[in-house]
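These notes are about the structure you will find just below.
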Amino acid sequence: MRYELLLQTMTPGTPYEVARVDALLAGRRVAARPDGRRVWHLKNGDVELGELREGGQVVATELRIPLADRPDLLREVVSEAAALATEAGVRLVDPQLGRTLSATDDGEVVVQYMRTARYAGEVAGMAEAMGASSYSVEDTGSRGFQPSGRFFLFVIAAFVVLYLVVDSMLARLNGH
């Protein structure tokens with residue numbers, strides 16, 4: 001699992017100028033790996049680059065940030081990618097937040113990134129994201145499923161099963 005940001009056209013449905021974006025990335029410490037993938041080397045870590053294709057056409061450049069306890073890397077990626085997007089005449093999009101980003105949106109992106117990393121560490125068991133599972137996000141509104149909620153659902157399920165059993169027995173007694 002990775003956290004992904006996209007460089008896309010400003011207007012959906014218009015052709016994406018991948019050559020323009022690639023030319024700008026070439027001047028920003030991007031190297032090709034032996035497996036053919038490209039990596040953007042930043043001060044706080046590396047970001048893998050990819051192409052998002054639909055119908056055989058490149059529609060976006062993907063920025064794949066590894067899930068780990070690395071909010072500084074994500075802040076740097078948002079800042080650098082937003083500058084690149086402005087220069088290339090494209091937009092930087094966070095699909096997880098469902099919106100276009102600017103360089104000042106790094107705080108919101110880091111909160112969502114840490115939620116994703118915490119989920120990967122706790123639920124999916126990803127070792128590299130485990131460090132992020134202890135990261136405290138300021139948002140207390142999404143604490144996950146609490147035991148009291150599980151108990152409440154169990155009670156409702158028990159009543160539904162009890163209702164179905166009693167209804168079935170009454171139907172048999174009445175000869176249906």
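The values are calculated or read from the model by the stated rules, or taken from the named source; none is laboratory data. Remember, it's a predicted structure, so these values are computed and weren't measured experimentally. Please note: Cβ atoms are built from the backbone with ideal geometry, for glycine as well, and neighbour counts cover all protein chains shown. Remember, those area values only see protein heavy atoms, side chains included, never the ligands or the DNA or RNA. Shrake-Rupley method; radii C 1.70, N 1.55, O 1.52, S 1.80 Å.
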Notebook entry, point to check: Name the residues in segment 87-105 that are open to solvent by 40 Å² or more (accessible area, probe 1.4 Å) and at negative phi, would you?
Noted result: E87, R91, P95, Q96, L97, R99, T100, S102, A103, T104
Checklist line | Every residue from segment 5-28 that is open to solvent by 40 Å² or more (accessible area, probe 1.4 Å), under 16 Å from L42 (Cα atoms) and not in a helix (DSSP H, G or I) | finding: G27, R28
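Mind counting the residues in segment 85-99 that are part of a helix (DSSP H, G or I) and under 15 Å from the mean Cα position of the chain (by Cα)? Steps first, please.
From segment 85-99, those part of a helix (DSSP H, G or I) are 85-88; that's our starting set.
Now drop any that are not under 15 Å from the mean Cα position of the chain (by Cα), which leaves none.
Matching residues across segment 85-99 total 0.
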Check: Which residues, taken from segment 35-84, are open to solvent by 30 Å² or more (accessible area, probe 1.4 Å), touching a residue at least 40 places away in the same chain (Cβ under 8 Å) and part of a strand (DSSP E or B)?
Finding: L52, Q57, V59, R64, P66
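Would you mind finding the one in L97, L63, L162 that is of a type in the set (A, V, I, L, M, F, W, C), modelled with pLDDT of 85 or more and touching a strand residue (DSSP E or B) at 6+ places or on another chain (Cβ under 8 Å)?
Numbers: L97 fails: touching a strand residue (DSSP E or B) at 6+ places or on another chain (Cβ under 8 Å); L162 fails: touching a strand residue (DSSP E or B) at 6+ places or on another chain (Cβ under 8 Å).
The conditions single out L63.
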Note to self: On the basis of being without any contact (Cβ under 8 Å) to a residue 40 or more places away in the chain and in contact with a strand residue (DSSP E or B) (Cβ under 9 Å, 6 or more places away or on another chain), does V30 make the cut?
What the structure shows: yes
